[in-house]
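**Student:** Dumping the structure here so I can ask a few things about it.
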Amino acid sequence: MSVLASQALAQLAAAPAPSPVPASGSFSLTVWLVLLPLIGAAVLLLSGRRADPWGHLVGVAASVASFLVAVVLFFSLQGHAGDERSIGQHLFSWVPVAGFHVDAGLLLDPLSMAFVLLITGVGSLIHIYSVGYMSHDAGRRRFFGYLNLFVAAMLLLVLADGYLLLYVGWEGVGLASYLLIGFWTFKPTAATAAKKAFVVNRVGDVGLGLAIMLMFATFGTTSFVGVLGNADFVSSGTLTAIGLLLLLGACGKSAQAPLQTWLLDAMEGPTPVSALIHAATMVTAGVYLVVRSGPIFDLAPDARLAVTIVGAVTLSMGALIGCAKDDIKKVLAASTMSQIGYMVLAAGLGPAGYAIAILHLLTHGFFKAGMFLGAGSVMHALDDEVDMRRYGGLRKVMPITFVTFGLGYLAIIGLPPFSGFFSKDKIIEAAFDKGGTSGWVLGTTALVAAGVTAFYMTRLMAMTFFGEARWAKGAHPHEAPSVMTAPMVVLAIGSVCAGGLLVLGGSLQNWLEPVVGQSVEVGAHTISPTVLTLITLLVVGGGVAGGWVVFGRRSIPVTAPAAGPLVVAARRDLYGDAANEALLMRPGQWLTRWLVWFDGRGVDGFVNGLAATIGGGSARLRRWQTGFVRSYALSMFGGAALVVAAVLVVRL
Amino acid sequence: MSPDWWLYLSAALFSVGAAGVLLRRNAIVVFMCVELMLNAVNLTLVTFSRINGDLDGQIIAFFVMVVAAAEVVVGLAIIVTIFRTRRTASLDEANLLKY
């Protein structure tokens with residue numbers, strides 16, 4: 001049954017790939033979405049110290065201007081009919097080689113529009129927040145330059161009309177991420193974390209690069225229209241290969257297993273960076289890639305299954321790690337991994353899940369960015385302390401941070417009517433509705449992880465805002481200035497309302513339909529949605545109660561107590577680094593050592609040995625030349641005699 | 001008289017010459033032994049010419065004589081020069097051109 005059904009489903013989903021309408025009127029502004037922050041970055045990074053006093057304002061202005069353009073474009077797009085909401089803007093002929101012709105062009109459609117609004121909207125809020133957060137930092141201008149560079153690259157990533165231009169944005173955000181994680185270059189840990197993020201991302205990028213090459217070899221083009229529109233005519237083996245390579249790329253960028261290790265270390269960067277890049281936008285690029293490449297995954301069920309497995313594994317890992325970390329940013333990072341795992345899981349469910357994945361991505365963008373900014377506010381108040389065991393009782397001194405963080409908390413655990421409820425609940429439902437054994441496994445994983453999410457977020461809340469104060473001596477926590485609290489308030493409002501607004505009347509679903517295809521109505525639910533919602537809420541309630549009993553009611557020791565093997569494993573990121581070291585780094589070192597040995601002894605040894613043999617042999621042969629004429633004469637006689645003898649033997 | 005005797009004689013002369021070249025040290029004697037070998041060969045050629053009844057062997061013998069005359073000129077000049085520089089005509093002393 002499943003084969004037929006999935007084929008029918010694939011037919012249905014592969015349909016939407018309409019040629020984009022050429023950009024005209026207000027849509028010719030599309031390119032300015034990318035150009036404005038790019039100009040901002042150029043101004044900030046090239047103008048030197050003289051821009052220090054006003055540099056941050058340029059950064060904020062560039063980002064806000066880009067957001068305003070995005071709003072204008074959004075309303076212009078609203079004015080079009082559903083299937084004409086795909087606007088292509090041709091920029092220039094990029095690679096005009098015979099047999100390989102690539103145009104650089106932008107594609108504005110409902111999917112990229114949703115991302116553009118998220119990136120520029122949340123990005124602008126975080127720019128504003130950074131003005132306060134980085135006010136005492138000598139490198140603030142450089143910081144804003146990098147942030148603008150990131151926004152430009154991220155917008156290019158989601159607006160590109162082909163995989164090759166997407167790759168440019170993909171590498172651009174990787175570069176910006178590297179620069180911003182290692183922003184505090186004087187900290188060796190930050191420099192190492194930046195390198196680690198860069199290297200791990202390269203592994204994924206190789207996957208994406210190979211996928212693009214395979215696409216070119218298969219389709220002769222790398223544009224979305226050319227590749228996704230012709231996916232029907234290609235063997236499923238090729239599509240599975242492309243799908244798995246794309247998944248590898250997504251794993252690198254979105255910190256999914258097995259390339260998840262860099263994200264926790266990436267928290268070495270300034271907190272606004274963690275909020276913008278490593279929570280709200282860049283790490284969701286993998287989800288974008290999978291959803292954008294939907295027609296490929298729809299025709300490659302194996303690749304899609306791999307996507308769901310990666311999502312399920314990562315969301316469990318992230319949830320487990322989140323339970324044991326004491327560093328507030330690492331808890332949030334583990335939570336980000338876990339939530340992106342949810343999105344990847346949803347994206348792997350096919351047309352039933354694409355819209356839900358994007359929904360969770362948008363709501364997560366709000367509440368996780370809000371919570372990261374809240375964490376930044378707490379750190380700001382406590383002299384950059386990140387250990388939650390040194391927090392406690394902050395709800396009285398930091399009321400705004402507490403309330404905004406609390407709203408984000410309610411959103412992420414999925415309490416109705418906060419935004420996380422609508423998206424996460426739907427993911428669990430869709431996972432169960434997948435049917436079969438895999439549906440049950442994925443659904444149960446997502447369900448249990450929702451409980452674990454509630455547990456570790458309750459732990460975070462209890463350790464940070466409740467209980468007795470465990471601050472370091474001399475700490476005088478205070479509420480952040482309004483330039484920092486204002487973005488937190490806006491994001492908190494977003495995390496309260498976004499979910500409901502996007503779900504109401506299926507608004508996001510309808511909006512995305514021209515791109516991701518119609519959501520397939522499941523005939524019979526595995527579990528009725530109402531019952532499943534109740535079960536989910538029960539599990540979440542259990543997680544909250546557990547977290548409160550363990551961490552809210554008891555006093556928290558200032559140093560981490562000894563713990564069982566599972567907690568130790570979670571504290572050490574489930575041995576992700578150890579596994580990488582044992583499986584990749586050590587064998588790599590052995591391989592290089594062996595290669596050096598082989599090169600020195602084997603290759604050089606052979607060549608040098610040959611030369612030495614010939615040299616030694618020649619030195620001995622030389623002794624034949626004695627200089628005595630008569631011995632030469634003897635050899636001539638001997639030779640002549642031999643020739644004569646040979647002739648005689650032959651003749652006779 | 002059977003032509004075989006001439007061939008035996010030339011073989012004997014050739015052997016005497018060869019032994020002289022290999023065994024004597026004096027350059028002049030070695031040189032004369034070379035001449036002896038050449039003439040032994042000439043005798044063979046002439047004998048073959050007689051046996052076959054044509055002139056080929058005799059013509060080649062003339063060529064050998066011409067070349068030998070030229071060789072004598074060059075060879076004696078070299079030997080005289082060696083004797084002048086090294087005060088000896090021993091071949092074993094003139095062994096500088098070696099490894």
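Just so it is clear, none of the values below were taken in a lab; they were calculated from the coordinates. Just so it is clear, the structure is predicted and the values come from calculations on it, not from any experiment. For neighbour counting, all protein chains shown are included, and Cβ atoms are generated from backbone atoms with ideal geometry for every residue, glycine included.
**Student:** Could you tell me which residue of the range A:605-652 is farthest from the chain's Cα centre (by Cα), considering only residues that are among the charged types (D, E, K, R) and closer than 22 Å to B:R25 by Cα?
**Tutor:** A:R630
**Student:** Same structure, new question: Please work out if A:A563 is more than 14 Å from every other protein chain (Cβ to nearest Cβ) and touching a residue at least 12 places away in the same chain (Cβ under 8 Å).
**Tutor:** The answer is yes for A:A563.
**Student:** Right, next: Tally the residues that are within 10 Å of chain B (Cβ to nearest Cβ), of a type in the set (F, W, Y) and part of a helix (DSSP H, G or I), restricting the search to the range A:605-631.
**Tutor:** Of the residues in the range A:605-631, 1 are within 10 Å of chain B (Cβ to nearest Cβ), of a type in the set (F, W, Y) and part of a helix (DSSP H, G or I).
**Student:** Quick check on this structure: which one of A:G182, A:G132 is in contact (Cβ under 8 Å) with a residue 40 or more places away in the chain, in contact with a Pro (Cβ under 8 Å, 6 or more places away or on another chain) and of a type in the set (G, A, S)?
**Tutor:** A:G132
**Student:** Can I ask one more? Could you tell me which numbered condition A:T240 fails, if it satisfies all but one of (1) free of Cβ contacts under 8 Å to residues at least 12 places away in the same chain; (2) polar (S, T, N, Q); (3) closer than 20 Å to A:G311 by Cα?
**Tutor:** So the condition that A:T240 fails would be (1).
**Student:** Now for a different question. Just name the residue that is surrounded by the most Cβ atoms within 10 Å (Cβ to Cβ) out of those in the range A:251-306 that are outside any helix (DSSP H, G or I) and hydrophobic (A, V, I, L, M, F, W, C).
**Tutor:** That would be A:A255.
**Student:** Name every residue in the range B:43-87 that is within 14 Å of chain A (Cβ to nearest Cβ) and farther than 27 Å from B:W5 by Cα, in order of residue number.
**Tutor:** Across the range B:43-87, the qualifying residues are B:G75, B:I78, B:I79, B:I82, B:R86.
**Student:** Still on this structure, please answer the following. Restricting to helices (runs of 4 or more DSSP H) lying wholly in the range A:510-604: which have 2 or more residues that are more than 30 Å from A:G414 (Cβ to Cβ) and over 31 Å from the mean Cα position of the chain (by Cα)?
**Tutor:** A:586-597
**Student:** Working only within the range B:47-66, note down all residues that are surrounded by fewer than 17 Cβ atoms within 10 Å (Cβ to Cβ) and part of a helix (DSSP H, G or I).
**Tutor:** Within the range B:47-66, B:R50, B:I51, B:N52, B:D56, B:Q58, B:I59, B:I60, B:F62, B:F63, B:V64, B:M65, B:V66 qualify.
**Student:** Another question, then. When you check A:M337 against the structure, is it under 14 Å from the mean Cα position of the chain (by Cα) and of a type in the set (A, V, I, L, M), yes or no?
**Tutor:** Yes, satisfied.
**Student:** When the range A:432-446 is examined, which residues are found to be in a helix (DSSP H, G or I) and either more than 26 Å from the chain's Cα centre (by Cα) or within 17 Å of A:M317 (Cβ to Cβ) (or both)?
**Tutor:** Of everything in the range A:432-446, those that are in a helix (DSSP H, G or I) and either more than 26 Å from the chain's Cα centre (by Cα) or within 17 Å of A:M317 (Cβ to Cβ) (or both) turn out to be A:D433, A:G436, A:T437, A:W440, A:V441, A:L442, A:T444, A:T445, A:A446.
**Student:** Pick out the one residue from A:L175, A:L210, A:L214, A:L164 that is surrounded by 19 or more Cβ atoms within 10 Å (Cβ to Cβ), of a type outside the set (K, R) and assigned to a helix (DSSP H, G or I).
**Tutor:** A:L164
**Student:** Restrict the check to the range A:65-76 and report whether at least one residue is under 23 Å from A:G25 (Cα atoms) and in contact (Cβ under 8 Å) with a residue 60 or more places away in the chain.
**Tutor:** Yes, there is a match, as at least one residue in the range A:65-76 is under 23 Å from A:G25 (Cα atoms) and in contact (Cβ under 8 Å) with a residue 60 or more places away in the chain.
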